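Single-structure report; data block below.
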């Protein structure tokens, strides 16, 4: 072997190493560049500049960065920075999945599952038709399409699939993917209810109760609610509608209990009856009737509720001037929400001429009405914290709440609770010098304002020594 040959080989080997080094360096640069583009995309995304995020994601994705490919797919799926395009979303997820990207692999599995469901649905499988309809309705791994959802719900419903029948009824009731038709909604809910579908029973019960899409029939409404409520222990039941059905049964019972007193003029009973009818479609006018009866007896809550209905035209023709009239009556009796509503009316000129001074007056009264609640709550937080000086500070907050003048109806319980805490501290010498007489006096004030704990202590006092803390 000649020296020249060895030299040639040495030069060839050195050249090969140089080429490999350059290739490795370029690959490294490419990797770093992809990382940089991905990070820029992430930063832009969190700055909500989705169009710029897409640019950077695409640059990194074109360099075969799996995370960037996944994120770009997500942008297409959520229409962020690009138009909604599920085909593009799955194309990029597919590229990332080929590299083993976990979320992309999961997405592609979902796509295969969706395709299998669609094929089964096309072959007439009722459960698959219902599941595919749900994907269309909610836009799960595909573009949301209510009309397409209705088509598949109907196919399954025609095969007596109870959940599909219930959902088809909801589509007709709310006009989703089909023209609104409450009679048709009742028809499908009735079919599903025959198969003990809990949601259908609940919605059918409400229709019978309010006479929507069917003649009003409270006996049938009770029967629907009863059957749905009894499913509360059924493992595959929708527990929410069981509890809501039980609530409707309780509301009906309360209404029937309060009705005789309401008819005889009891304002509290009239409000209870009004609340039963309130917000229930065809029953709003009945709610207004009962609120008016109580409002005419100067009940502030009823006056405020009547004002609301005039403002929004619920169960009565909209009349903002009349709304202000009833707000004022309630506000003058200390109803804090009415004070706030009246302040807003003066501020915006709703039913009354704009008047910044009047607006400020009523708003300040509203804010002040809630102060006792804040004072009492702050005191409790300090007392529970238990650091040095906290109890003394808590007592200051409770005293201010306890001595609050003319609290709103809503704030009275907070005032009473503060009076009780102040009495307890004085009676037992907690954070203060013991003064049983002063403590009893605060207990009496709290009891007068309805505090149950204060009443219980006062009831126990004559029986013997004071209870220990």
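FYI, it's all coordinate maths here, none of it is from the lab. Everything quoted here is computed from the prediction, not taken from an experiment. In this analysis, Cβ positions are derived from the backbone assuming ideal geometry, glycine residues included, and neighbour counts consider all displayed protein chains.
Odds and ends about this structure:
- Which listed residue, of 104, 120, is in contact (Cβ under 8 Å) with a residue 24 or more places away in the chain and either surrounded by fewer than 18 Cβ atoms within 10 Å (Cβ to Cβ) or on the phi < 0 side of the Ramachandran plot (or both): 104
- Tally of residues being assigned to a helix (DSSP H, G or I) and within 20 Å of residue 143 (Cβ to Cβ) across region 47-101: 20
- Hey, residue 137 buried (at least 24 other Cβ atoms within 10 Å of the Cβ), touching a helix residue (DSSP H, G or I) at 6+ places or on another chain (Cβ under 7 Å) and either more than 27 Å from residue 253 (Cα to Cα) or touching a residue at least 60 places away in the same chain (Cβ under 8 Å) (or both) or not: no
- Subset of region 345-360 (residues that are buried (at least 16 other Cβ atoms within 10 Å of the Cβ) and in a helix (DSSP H, G or I)): 345, 346, 347, 358, 359
- Looking at 270, 297, just one residue is buried (at least 20 other Cβ atoms within 10 Å of the Cβ), in contact with a helix residue (DSSP H, G or I) (Cβ under 9 Å, 6 or more places away or on another chain) and within 19 Å of residue 409 (Cβ to Cβ), and that residue is 270.
- Residue count, region 42-68 (criterion: at positive phi and under 30 Å from the mean Cα position of the chain (by Cα)): 1
- Answer from 253, 249, 306 - the residue that is without any contact (Cβ under 8 Å) to a residue 24 or more places away in the chain, within 24 Å of residue 218 (Cα to Cα) and out of contact with any strand residue (DSSP E or B) (no Cβ under 9 Å at 6 or more places or on another chain): 253
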